[in-house]
Amino acid sequence: QVQLVESGGGLVQAGGSLRLSCAASGSIFSINIMGWWRQAPGKQRELVASISNGGTTNYADSVKGRFTISRDNAKNTVYLQMNSLLLEDTAVYYCRLLTVVEYWGQGTQVTVSS
């Protein structure tokens with residue numbers, strides 16, 4: 001059974017930074033994509049950024065130049081460095097692992113205040 005444990009969310013002022021971490025444990029196929037999604041109140045869950053085991057990244061247009069995704073394959077951990085945070089970045093952020101099936105973390109709240 002694969003588990004994803006997220007950490008690093010919290011309250012930050014606009015313009016500030018946060019770093020999210022997601023550690024995966026269990027039997028994980030080496031070929032996979034890890035990523036971060038977010039869901040704001042009243043909105044659909046959307047992709048923020050993803051990274052393959054080979055290091056290929058993909059970002060939502062709204063976060064390009066502000067967020068950086070990275071991973072440590074030896075630790076099965078993915079990170080999301082979020083800089084220049086905006087009010088509209090406020091959401092619950094979910095970690096996702098995609099192999100032959102997909103797994104989701106429990107979510108971590110990120111709140112950006114003015």
Please state which of the following conditions VAL5 fails to meet, knowing it meets all the rest: (1) among the hydrophobic types (A, V, I, L, M, F, W, C); (2) open to solvent by less than 30 Å² (accessible area, probe 1.4 Å); (3) outside any loop (DSSP other than H, G, I, E, B); (4) touching a Ser or Thr at 6+ places or on another chain (Cβ under 9 Å). (2)
Return yes when LEU80 is open to solvent by 50 Å² or more (accessible area, probe 1.4 Å) and either under 23 Å from GLU102 (Cα atoms) or hydrophobic (A, V, I, L, M, F, W, C) (or both) and no when it is not. no
Taking the stretch 104-114 and keeping only residues that are more than 13 Å from the chain's Cα centre (by Cα) and assigned to a strand (DSSP E or B), one is left with THR111, VAL112, SER113
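Here is a list: LEU47, LEU85. Which entry is assigned to a loop (DSSP other than H, G, I, E, B) and open to solvent by less than 60 Å² (accessible area, probe 1.4 Å)?
Just a single option satisfies the conditions, and that option is LEU85.
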Checking GLY55 against (1) surrounded by fewer than 12 Cβ atoms within 10 Å (Cβ to Cβ); (2) closer than 21 Å to LEU11 by Cα, only one condition comes out false. Which one? (2)
Among PHE29, PHE67, which is among the hydrophobic types (A, V, I, L, M, F, W, C) and open to solvent by 60 Å² or more (accessible area, probe 1.4 Å)? PHE29
Within the stretch 11-41, work out how many residues are under 18 Å from TYR94 (Cα atoms) and among the hydroxyl-bearing types (Ser, Thr, Tyr). 3
Every listed condition ((1) in contact (Cβ under 8 Å) with a residue 24 or more places away in the chain; (2) buried (at least 16 other Cβ atoms within 10 Å of the Cβ); (3) not small (Gly, Ala, Ser)) holds for LYS75 save (2)
Residues of the stretch 1-53 being free of Cβ contacts under 8 Å to residues at least 60 places away in the same chain, small (Gly, Ala, Ser) and over 19 Å from TYR103 (Cα atoms), which ones? ALA40, GLY42
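The values are calculated or read from the model by the stated rules, or taken from the named source; none is laboratory data. Note that the coordinates shown come from a computational prediction; the quantities given were computed from them, not determined experimentally. Here Cβ is always computed from backbone atoms with ideal geometry, including for glycine, and neighbour counts include all displayed protein chains. Protein only, heavy atoms only, side chains kept; ligands, DNA and RNA dropped before computing areas. Shrake-Rupley method; radii C 1.70, N 1.55, O 1.52, S 1.80 Å.
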